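Okay, so here's the structure we're looking at.
The values are calculated or read from the model by the stated rules, or taken from the named source; none is laboratory data. This is a predicted model, so every value here is computed, not measured. A quick note on method: Cβ atoms are made from the backbone with ideal geometry, for glycine too, and the neighbour counts reach across all protein chains shown. Areas reflect the complete protein model, heavy atoms only, side chains present, ligands, DNA and RNA absent. Shrake-Rupley method; radii C 1.70, N 1.55, O 1.52, S 1.80 Å.
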Amino acid sequence: MMSTSNLEEKIHLAYAKKLESADKRIVGAVQECELDIKEMSFQDIKEITTTIVSLETLSLESDLNELLEKKEAIERALEKKHDELQNSKYEIFNVLEEQFSSSEYALSKLHQVKLQSIDLYNILSEMVESAIITALEKDTDGDIIESTTEVIKEITFEAIKEGSLNTIRVRKILSTILMTAIDVADAMPNRADKILKSTLRGMRSGLIKSIDRFKKRLAFMPMEAKHILIEDYDTIIEDLNQTDTLFSQVVSTQAIQCNEPIKTILTKLNKEMSYDLEELVHISKETAEVMRERFSSFAKIAVKKADIALNSPKAKEAKRMGTQAWGVAKVALGSAIKSAKNAIDK
């Protein structure tokens, strides 16, 4: 067995010859090492392969790293511009609020527009906390369920409606809202039950409203958006068919992390609401059906594209590697059986 440093050195010297094709460079490097293929160890093969791959892809690796650096710079710039855009919107609405301050009716409508214009995701927790506390302060008769339910419904709807209707995003939004409500309820144990009940009701209503809006928009969705939708067709259909499970899971996941009094309240409310999610299930399944009817032809086109992709070089290589992996496993299993048999024989 040749030492690692000698192998690397020989391969590097072979690559110093500027052969015109990768095939010739690789073959030349292997031949110049003058190794007995049958006697080569795994480490020898790994060292030769790693060195050849490194040398042959050096330029591509460099290009890729350069592009990744640019990507990171662009992402930082995008984040900065997004923050600037948000701050600019806040400033504009602040000025407009002063202009509309003489009319409570006009001001409430302006705030409605503001709620629809600002990206709520980054300020969701703070906004929910402020909304619940304001509802508690403004409510004079001591029953905050109706007012809090309504405000949580609107916040949930506005936070969900503009983005993707996928499970991960919806779960994050619902979890953030509920976590914030739990913090407020924890600080006000005598009103915890009402705070959490109204929050869950508001979340449910907001989610139903978001799905219903999505269903109505399917009919008028532009072609570009349809293609994006088709790429995620199966996932969205699956998500729509388990929104009730998603909702219950969000509540139970948060309950586990709470102290005992809050956990007891959430567990009880979650159990009660499991019998009251019919509207959510109905609108979700209805939306899934509309999506199937409208986009089944697009889905068939996507399947045809997938069939073409199965014959692509990448797909063929994946198939080859799958077969090769099976071969590796078979050899390893054979060696293990042989070793075990020898041990038994002894």
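Every residue in the stretch 145-177 that is outside any helix (DSSP H, G or I) and without any contact (Cβ under 8 Å) to a residue 60 or more places away in the chain, please.
Glu162, Gly163
Quick check on Ile177: is it surrounded by fewer than 23 Cβ atoms within 10 Å (Cβ to Cβ) and among the β-branched types (Val, Ile, Thr)?
no
Could you give me the residue pairs with C-beta distances under 8 Å whose first residue belongs to the stretch 244-265 and is closer than 16 Å to Val281 by Cβ, whose second residue is open to solvent by less than 50 Å² (accessible area, probe 1.4 Å) and among the basic types (Lys, Arg) wherever it lies, and which are 6+ apart or on separate chains?
Phe247/Arg204
Please list, ordered by first then second residue, the pairs with beta carbon atoms under 7 Å, 6 or more apart or interchain, first in the stretch 273-294 and at negative phi, second part of a helix (DSSP H, G or I) and aromatic (Phe, Trp, Tyr).
Short answer, once both residue conditions are applied: Leu277/Phe247; Leu280/Phe247; Thr287/Phe214.
Please go through the stretch 249-296 and give me each residue that is aliphatic (A, V, I, L, M) and modelled with pLDDT of 90 or more, ordered by number.
Hits for the stretch 249-296 are Val250, Val251, Ala255, Ile256, Ile262, Ile265, Leu266, Leu269.
Find all pairs meeting these conditions: Cβ atoms under 8 angstrom apart; at least six residues apart or on different chains; first residue within the stretch 22-34 and on the phi < 0 side of the Ramachandran plot; second residue in a loop (DSSP other than H, G, I, E, B).
Arg25/Lys17; Arg25/Leu19; Gly28/Lys17; Gly28/Leu19; Cys33/Met2
Scan Lys209, Lys194, Lys172 and give me the residue that is under 30 Å from Arg292 (Cβ atoms), open to solvent by 60 Å² or more (accessible area, probe 1.4 Å) and touching an Asp or Glu at 6+ places or on another chain (Cβ under 9 Å).
Lys209
How many residues, within the stretch 29-44, are surrounded by 14 or more Cβ atoms within 10 Å (Cβ to Cβ) and either among the small types (Gly, Ala, Ser) or closer than 14 Å to Leu13 by Cβ (or both)?
Looking only at that region, the number is 4.
Is it true that Leu246 is part of a helix (DSSP H, G or I), at pLDDT 90 or above, among the aliphatic types (A, V, I, L, M) and surrounded by 14 or more Cβ atoms within 10 Å (Cβ to Cβ)?
No, not satisfied.
Here is a list: Leu60, Leu64. Which entry is farther than 30 Å from Ile155 by Cβ and surrounded by 11 or more Cβ atoms within 10 Å (Cβ to Cβ)?
Exactly one of Leu60, Leu64 is farther than 30 Å from Ile155 by Cβ and surrounded by 11 or more Cβ atoms within 10 Å (Cβ to Cβ), namely Leu64.
Only helices (runs of 4 or more DSSP H) wholly contained in the stretch 36-128 count here; list those with 2 or more residues that are farther than 30 Å from Leu7 by Cβ, at pLDDT below 85 and charged (D, E, K, R).
Of the helices (runs of 4 or more DSSP H) lying wholly inside the stretch 36-128, those with at least 2 residues that are farther than 30 Å from Leu7 by Cβ, at pLDDT below 85 and charged (D, E, K, R) span 58-100.
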